[in-house]
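Okay, structure first, notes after.
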Amino acid sequence: MPNTRTADPVSWPDLIAQQVNCDTASEAYRADPNGFTEPLRSRSGAVHRTPSGALVLLGHAECAEVLRDPRFGHGAATARDITAYGVPARSFLLTDPPDHDRQRGRVSGAFTARAGARLAPRIEQYVLDLVGKAWQRREVDVVADLARPLAASVLSDVLGLPPGYEHHFVEMAELLVRGMDPQQDTAPAARAAITRARTDFVRTFTQLLRRTPDGCGTSVIDQLARGIARKDDPVKLSEAVATCGQLIAAGYETTVGLIANGLHTLLTHPEESSVLDTTHADADAMATAVEELLRYEPPVHIAVRTALTDAQVGEVTVPRGTILTLMLNAANRDPLVYADPHRLDLRRGGRHLAFGLGPHFCLGAPLARMEAHLMLSALWSGRPELVEERVTYTFGFVARRVQRLRIRLTQRPKP
Ligand code: HEM
C-alpha cells in the first residue's frame, strides 16, 4: 500500500488497513468499502478486535456511543499524523475539550442559523449561475464544473476571503486537502506542488488574519482577527491559521463529495429516484433524499478516537490508549437500525452518522445540506443523464467521492 509514514508507530491508515484486512488505497476498496466492512461485520459483529488490541467499530450504537463519550478523544496519538496545515498548531477537530470547545466557540458564530440564512440567497445565486452555464454546454463534469466552484465560493464567503481570490483559492485548497490525506500522492512533482500550496496558504492566511479586524464582521477571518487583537485570552496566530486550514479540509472536498456522490447515486438508481420526478417541486422530498444520500454514500467514511481512560463500548472492555476506528459507512448500514440497509430509500430520512455526533459534530452540516439541496434540485429538474457509465473514486482515505461525473442536461425546466 502506498504510504509515506511507515516509520511512524501509529500510522493509522496502515493500522486500519490491517484491521479491515484489505488495502484501503486499492481501487476495489474505494469503489465499494462496504464490500469489505460487511464481511467483517458478519465475522465479528459490531466491534472487531484486532490481534494488536485495536478496535474497529461497525455498529451504529457503538460508533454513536464513542463519539459522544468524553472518555474517548484524540489525546496525542490519533492527532499526530494529520496536523498538516503547515503550522505548529492542532486544529479543534483533533483537540479534546476544554481546548476544543474554546477553539470551536471562536468561529461558531459564522455557522449559526442566522449566518446560514444570510448566506442562503448568495448560495442560490451561485447555483443559478453555475447551472445556467452548464445549460450553455449541456454536457458538464459535475465535480469540476459545478460542485467544486460552488463549494469554493461558499467557503470563501464563510472564511471572508477578499473578492477575486476564488480561482486561486480553488487550486490551493485542492492541493492542501490532498496533502492532508494520510494516503497522499507520493510522486515528487505532486509533493512539490503540495508543499508550495502549504507555503502559499500559510502566507496568505497569516496576512489576512493580521489585518485590522472588522469590528462587526461575522466571517471566520473577522472573528479570528478580533481574537488575535484581544489583550485578554488572545488567539495565537498559528492556531487561527490551523483553524482556517481545518475549515478548508473539512468543508471543501466533503461538500463536493456529497453533491457528486449524491447525483451519481440518484442516476444509478433510476427506479428509486423517480420519487423525485413526481415530487421534485416539493422541497421536503429533496431534503429527505439528501439525508438518505448522506447515509448511503457518506463522503466521510472514518473517524478515529483514542480511549483516554479505561472504558467500555457496549460489553467490550477498552483499555486506556486503545485506538478505535469508527467505520461511519458501516454504521450507516447497520441492520439493527435500518431495515434493508443496503437499499436506497429516498423517503427513509434521518439518523445517519455522516456528520459525526457529539462534541465534534460537523460545524458545517447545515451549510453542506443547503448547498447539496439547492444544487441537486437544480440539476434534477434539468433531467440529467450519465455521459460515462463507469466512474472511479478518489485516492482519499477519510473522504471518498467520485473522481469525475460527466452528465448531460436534457430538458429545460419550465420557468
Ligand atoms: C457533506 C459535507 C460534509 C461532511 C460529510 C462532513 C463530515 C464531518 C464529520 C464526519 C465530522 C466529524 C469528524 C470526527 O468526529 O472525527 C466533521 C467535523 C467537522 N466539519 Fe464537516 N462535513 C461536511 C461539510 C463541512 C463543511 C461545509 C464545513 C465548514 C465549512 C465543515 C466543517 C467541519 C468542522 C469545523 C468539523 C470539526 C468540528 C469539531 O471538531 O468540533 N464540514 N465533518
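In table form, for the structure just shown:
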item: Segment 349-382-segment 208-257 distance, computed between alpha-carbon centres (Å); result: 23 Å
item: Efficiency of FRET from Cβ geometry, residue 195 and residue 114, R₀ 41 Å, rounded to 0.05; result: 0.55
item: Reachable lysines, given that their alpha-carbon falls under 30 Å from the alpha-carbon of residue 414 and they are not under 8 places away in the same chain; result: 133
item: Percent accessible area from carbon and sulfur atoms, segment 12-409, protein chains only, probe 1.4 Å; result: 54 percent
item: Kyte-Doolittle at least 0.5, axis length at least 18 Å by Cα - qualifying DSSP helices, the chain; result: 237-251, 253-268, 365-380
item: Solvent-accessible area per residue for the chain (1.4 angstrom probe, square angstrom); result: 43 Å²
item: The chain, helix-only ellipticity at 222 nm - DSSP H runs n ≥ 4, -39,500 (n - 2.57), divided by all residues, nearest 500; result: -15500 deg cm²/dmol
item: Residue 166 paired with residue 207, simple spin-label distance in nm, labels 7 Å along Cα-to-beta-carbon; result: 2.0 nm
item: Global geometry of segment 219-346, whether rounded, prolate or oblate, following the gyration tensor of its Cα atoms and the 1.5 cut on a/c; result: oblate
item: Computed log₁₀ I(q)/I(0) - Debye formula, equal Cα scatterers, no solvent, segment 153-258, q 0.19, 0.20, 0.22 Å⁻¹; result: -0.96, -1.05, -1.21
item: Cα-based reach from residue 236 at 15 Å (exclusive), listing aspartates and glutamates while leaving out same-chain residues under 8 positions away; result: 99, 222
item: GNM result for the chain, Cα springs below 10 Å: residue of 308, 294, 326 fluctuating most strongly; result: 308
item: Cα convex hull of segment 12-409, projected area averaged across orientations, nm²; result: 19.2 nm²
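The values are calculated or read from the model by the stated rules, or taken from the named source; none is laboratory data. This structure is a prediction, so every number in the text was calculated from the model and none was measured. Positions of Cβ are generated from backbone atoms using ideal geometry, with glycine treated the same way; all protein chains shown enter the neighbour counts. All accessible areas refer to the heavy atoms of the entire protein, side chains included, with ligands and DNA or RNA removed. Shrake-Rupley method; radii C 1.70, N 1.55, O 1.52, S 1.80 Å.
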